[in-house]
Amino acid sequence: MAPKKPASTLPPASSIPANTAKPNQAVSSAAGQPTKPQNKPTSSTTSTSTSTSSIKNTSDAQQIAIGVWNNYVDRTPQRTKLLDAFLLFLVTVGVLQFVYCVIAGNFPFNAFLAGFSATVGQFVLTASLRIQTNPENKSDFEGLSHERAFADYVFGSLILHFFCVNFIN
């Protein structure tokens, strides 16, 4: 813990420039608890500034989303986009399986577990393939060709689905 400086080393309040002082400082009560700021804006200015800032935040969020989408469309290779579409399909299938289990029941529970496990496992394998074949990650996977990554993906998928089919009975 740093030693406390004596009060005599602090500059006097009159030497602090006015533009660096905080206008809305809280005043402490006798119990040592901070109280509300002294300067309160009127309610009409508060509601107007809140609605204006929420409109500004919404348009900023839209501009960010559009910028991200345009960057994705322009800079992402077609092979990676195909893998992303398959990942989106797997997420949709997983959500539909879960919703079906909640609505219709889970009588053959091992069938639900096998199907859901296959979906999640395939998602993980596909995400791994996407990472390994992404041109931006080439430095991380220098000794691994795209063909080898795809062969590992197919082999892992076969093993995954073999276990899932055996789990169903």
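Quick notes on this one:
- Accessible area of the range 61-169 divided out per residue, in Å², using a probe of 1.4 angstrom: 72 Å²
- Largest to smallest accessible area among D84, D140, D60 [probe 1.4 Å]: D140, D60, D84
- Kirkwood Rh in Å, taken over all unlike Cα pairs in the range 60-169: 16.1 Å
- Taking 15 Å as the cut-off, the amide N atoms of the range 131-169 that come nearer than this to a point 7 Å along the Cα-to-beta-carbon line of F86 belong to 131-134, 146-161.
- Accessible surface of the range 130-169 [probe 1.4 Å, protein heavy atoms]: carbon and sulfur percent: 63 percent
The values are calculated or read from the model by the stated rules, or taken from the named source; none is laboratory data. Being a predicted model, the structure only gives us computed values, none of them experimental. In this analysis, Cβ positions are derived from the backbone assuming ideal geometry, glycine residues included, and neighbour counts consider all displayed protein chains. Remember, those area values only see protein heavy atoms, side chains included, never the ligands or the DNA or RNA. Shrake-Rupley method; radii C 1.70, N 1.55, O 1.52, S 1.80 Å.
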